[in-house]
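Notes to accompany the following structure.
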């Protein structure tokens, strides 16, 4: 494709912090960001050239949006199928493509897709009824996790099943359609973030090690302590996935790293990802700029990471600690402009290069 | 002062690229940027939460602006005195303070201010009439430069006088009030960018070496090849200036560096500065974030610069080269979203860390 020239508009579905950071990356490259969101006064709209506030199924609003931008992308994977279809019908180029979104937003198609490509996952079974659950549990074993097939995030929409007695309650709680997953006794959680350009070029960042608390990412560090073979395997997997999907943009795959060094794919996110926020200060090109470059048909940027780095999420009232963080030398504070610090809500993050960079000492001779 | 909490609004007078980069830095810290500009569809307004488009002397609009923000700053020094006064009257905190703006926007008060603080300048004379010019020229010598006292920028508003015969034309061209300046046979042009917090703390970046073409900054590089004594002298000067002005925010002083190592103050800018754009990727804290921190009453950030760095301005049609720049590994491209690439107009810039950072090599041992 012909690269989208500076001055064009980049359309972003969703008004949260990922859209906000995408919009700023787009602006840095001379683009205008146009946000489509169902939320008034969203974090992204406050740094964007234009915002359309409408329901994600409002066809007239989607058509106006499609016609105002050079490409449409999304900050979340749960874009309704009819939203993507309406945008395509209105002539928009949607990147990543709707097929990739459709696969990633359904845990069953996602895991089936992984297995079809020879990528290991935890054992799983589709659950459409109480009876399915009873039949699947002996095969999957205990503990197992029952998840909704759609709309799960940050630990929402899942229940652990420790014994046969838990099954009825779990099913009553989540209903169908669901997915029963075996439990992985993993050593670490890691993710790989990569981008594929419109020309098919692929650039991956190194593996990120992730720690969660209450189902929500709390800390990401690099380098992940897992050696070059595992790095290479993760890159090979993400490349296979992106090529198979004819993917354009940034894609993230979360893995369980087993004690034997094996990688078990947990899920993928067809978008920039919380575990990639460290790239803003920690890599030559941020994941946000990389995504904009990819969807605009620009060449991908360098993914070089000069320093060890950690990223800490500020969740709920952790962001109230902004004064101390602002005082800490070398702590890069990011706050998302959310009005209301609800429990479990991602309010910001902090990135630290480790150790903090030292001044370059010129040779005065 | 009590630090302005995240979620507050930062008011910025001016809608150009400096306002745009300030607005994005404010957003990163969780602030909303409100722009006041007389220009529709300005570069800054396209990344800001809110924009008021009005004349800089529109008192009602200024009052509304003052009441919507926690602090007002400016991306340009030529803020009309009545604008600043109207904002103060409406209860706004203006940082830097109107006195600093008033001194910096008049070349005569600026040079007098420098000399009063014992800071060397080129010889100069106030020119209010043709006769003043004839009288001053023998003292100042040839070549000399006649400048308007106000509203000069990027080489505008100045004429060189090579001989007595040039004087009449020069005066006819610029008129009064003006300033006649002696010509410095300088070795290099350098600038120092520093910030002073609301608590009086000062943090300076290292000296920048600047190259100009046609009166417009074309390239900035660090480290400037001038040794620790000159660095220390420049810092001492900028500290003296900021303390004397009870200054809050980022301030820039441009110097001529003479062959004997002496610094001659050329002019000061009470704001973020083109020669500080390298700080976005090249320093721990960008000049834009530093300015926001200062005016918001936050602690200043680290000014550490880990790598040698260069910043190249993209002026006029130089920005048409964006495709090649986007392809260059390690080149950080910034485009300002200006619709019209007029000759001499600053359209963007590129920052390069030199040499480009290499990947950190973990010890898998």
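Restricting attention to segment A:17-31, does a residue exist that is in a strand (DSSP E or B), crowded, with 17+ Cβ neighbours inside 10 Å and touching a residue at least 12 places away in the same chain (Cβ under 8 Å)?
Here is the first cut: in segment A:17-31, the ones in a strand (DSSP E or B) are A:29.
In the following step, the residues that additionally are crowded, with 17+ Cβ neighbours inside 10 Å were identified as A:29.
Applying the additional criterion that residues be touching a residue at least 12 places away in the same chain (Cβ under 8 Å) yields A:29.
The answer is yes; a qualifying residue exists.
Please enumerate the residues belonging to segment B:10-50 that are over 22 Å from the mean Cα position of the chain (by Cα) and more than 10 Å from chain A (Cβ to nearest Cβ).
Hit for segment B:10-50 is B:40, nothing else.
Looking only at segment B:317-331, which residues are modelled with pLDDT of 95 or more and either within 21 Å of the chain's Cα centre (by Cα) or facing another protein chain (nearest Cβ under 7 Å) (or both)?
Residues satisfying the conditions are B:322, B:323, B:326, B:327.
For residue B:75, state whether it is surrounded by fewer than 20 Cβ atoms within 10 Å (Cβ to Cβ), touching a residue at least 40 places away in the same chain (Cβ under 8 Å) and under 18 Å from the mean Cα position of the chain (by Cα).
Working: surrounded by fewer than 20 Cβ atoms within 10 Å (Cβ to Cβ): no; touching a residue at least 40 places away in the same chain (Cβ under 8 Å): yes; under 18 Å from the mean Cα position of the chain (by Cα): yes.
In short, no.
Could you tell me whether segment A:57-67 includes any residue that is over 22 Å from the mean Cα position of the chain (by Cα) and within 14 Å of chain B (Cβ to nearest Cβ)? Even if it seems obvious, please write down each step before you answer.
Within segment A:57-67, the subset over 22 Å from the mean Cα position of the chain (by Cα) is A:57-67.
Filter once more, keeping what is within 14 Å of chain B (Cβ to nearest Cβ): none.
No, because not a single residue in segment A:57-67 is over 22 Å from the mean Cα position of the chain (by Cα) and within 14 Å of chain B (Cβ to nearest Cβ).
Consider segment A:300-332. How many of its residues are surrounded by fewer than 16 Cβ atoms within 10 Å (Cβ to Cβ) and on the phi > 0 side of the Ramachandran plot?
Final tally of qualifying residues: 1.
Given the criteria out of contact with any strand residue (DSSP E or B) (no Cβ under 6 Å at 6 or more places or on another chain), touching a residue at least 40 places away in the same chain (Cβ under 8 Å), in a loop (DSSP other than H, G, I, E, B) and closer than 18 Å to residue B:303 by Cα, does residue A:329 qualify?
Details: out of contact with any strand residue (DSSP E or B) (no Cβ under 6 Å at 6 or more places or on another chain): yes; touching a residue at least 40 places away in the same chain (Cβ under 8 Å): no; in a loop (DSSP other than H, G, I, E, B): yes; closer than 18 Å to residue B:303 by Cα: yes.
No; evaluated as a whole, the condition is false for this residue.
Criterion first (within 30 Å of residue A:324 (Cβ to Cβ), in contact (Cβ under 8 Å) with a residue 40 or more places away in the chain and either within 12 Å of another protein chain (Cβ to nearest Cβ) or crowded, with 23+ Cβ neighbours inside 10 Å (or both)) does residue B:83 satisfy it? Please lay out each step first, then the result.
On the way: within 30 Å of residue A:324 (Cβ to Cβ): no; in contact (Cβ under 8 Å) with a residue 40 or more places away in the chain: yes; either within 12 Å of another protein chain (Cβ to nearest Cβ) or crowded, with 23+ Cβ neighbours inside 10 Å (or both): yes.
Answer is no for this residue.
Confirm whether residue A:276 is within 7 Å of chain B (Cβ to nearest Cβ) and surrounded by 23 or more Cβ atoms within 10 Å (Cβ to Cβ).
Values: within 7 Å of chain B (Cβ to nearest Cβ): no; surrounded by 23 or more Cβ atoms within 10 Å (Cβ to Cβ): yes.
When the stated conditions are applied, residue A:276 does not pass them.
Any residue at all in segment A:47-55 that is closer than 16 Å to residue B:47 by Cβ and touching a residue at least 60 places away in the same chain (Cβ under 8 Å)? Show your work before the answer.
Step one: of segment A:47-55, the residues closer than 16 Å to residue B:47 by Cβ are A:47-51.
Those left that are additionally touching a residue at least 60 places away in the same chain (Cβ under 8 Å): none.
No, that holds for no residue.
Among the residues of segment B:332-362, which ones are touching a helix residue (DSSP H, G or I) at 6+ places or on another chain (Cβ under 8 Å) and part of a loop (DSSP other than H, G, I, E, B)?
Of everything in segment B:332-362, those that are touching a helix residue (DSSP H, G or I) at 6+ places or on another chain (Cβ under 8 Å) and part of a loop (DSSP other than H, G, I, E, B) turn out to be B:336, B:337, B:338, B:341, B:342, B:343, B:344, B:345.
The values are calculated or read from the model by the stated rules, or taken from the named source; none is laboratory data. Computed from a predicted model, the values in this text were never measured in an experiment. Glycine also receives a Cβ, built like all others from the backbone with ideal geometry; neighbour counts cover every protein chain displayed.
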